[in-house]
Structures are given as structure tokens and as C-alpha cells.
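In what follows, a single structure is set out as C-alpha cells and then discussed.
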Amino acid sequence: MIIWTGKGFLVAIFVFGCSLAANLITNGTTGGDEYWESHRWPFGISLLVAAALSWVVGQYLASRNVRTLVDKATGEEVLIGGDHSLFFIRAHWWGPILGTLGAVLIIVDCA
């Protein structure tokens, strides 16, 4: 079950789309799926691209449509909007997570 708020589902779309594109490009350049199945660095590159997209789009979404409301009774300010998360992690924080996973895959595959 996928849990998201706002437009947090875009992170999953970025990961799926980038990995699909990397798979198709790898299969097209190598002539089959054997290289994709035996090497992890193309998937690592796709995660780095998805990380960059998640960070940029997440930052943009977090900054727009945020409204500050003031509670008349207490005078306390409340922020409304700007919450876009996937599995309770804000969309822009998926950038460093995916980037780290991608870098680890690349390092492990090339070592």
C-alpha cells in the first residue's frame, strides 16, 4: 500500500520513470537485457536522476501554496498546505535518500 499526501506520489513516478528509461536505454545500446540484469550501475544512475527530480520538484511544491492562518483565540500561527510526502517522508527529502542509494549501487557495482 502506497501512502502519500499532496503530490508526494510524484517521487514514485520519478523512480519508476527514470528506471524504465534507464532499462530501455541500456537494453537498446547493449542489444538485450543481459547487461541490465548483471550490472547495477545503470539503475544507480536512474536513482540519481530521480533524486535530483524529487529534490527540485519537492522544494518547489513545498514553497508554493503555503498559507499562514492565525488562530483568533490564541494568536498562534498555523501553516496550511505545502505538505507533499510519500510514506510520511516529505518529497524533497527523498532526494538525498535516493541519491545515497544510487551512489551505493554505483560504488558496489564498480568495485
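The values are calculated or read from the model by the stated rules, or taken from the named source; none is laboratory data. No experiment lies behind these values; they were computed from the predicted model shown. Note that we place each Cβ from the backbone using ideal geometry, even for glycine, and neighbour counts take in every protein chain shown. Accessible surface areas use protein heavy atoms only, side chains included; no ligands, DNA or RNA. Shrake-Rupley method; radii C 1.70, N 1.55, O 1.52, S 1.80 Å.
Observations on the model:
- Separation between Cα centres of the range 1-75 and the range 93-111, rounded to whole Å: 14 Å
- Largest GNM mean-square fluctuation among Gly32, Gly75, Gly99, using the chain with Cα springs under 10 Å: Gly75.
- Between helix 9-30 and the chain: long-axis angle, C-alpha atoms, 0 to 90°, nearest 10: 10 degrees
- Counting protein heavy atoms only, the chain has 68 percent of its accessible area on carbon and sulfur, 1.4 angstrom probe.
- Degrees, to the nearest 10: 94-110 long Cα axis against longest axis of the chain: 20 degrees
- The chain - accessible surface per residue (Å², probe 1.4 Å): 65 Å²
- Candidates Arg90, Arg64, Arg40: whichever shows maximal mean-square fluctuation once the chain is modelled as a Gaussian network with Cα springs under 10 Å: Arg64
- Virtual spin-label span in nm between Trp41 and Gln59, 7 Å along Cα→Cβ: 2.8 nm
- For percent of Cα pairs over 23 Å apart, computed directly from the structure shown, the correct entry in (i) 42; (ii) 39; (iii) 24 is (i).
- Among Ala62, Ala50, Ala73, residue whose mean-square fluctuation peaks in a GNM of the chain (springs only between Cα atoms under 10 Å): Ala73
- Computed from Cα positions, the angle between helix 41-63 and the longest principal axis of the chain comes to roughly 10 degrees.
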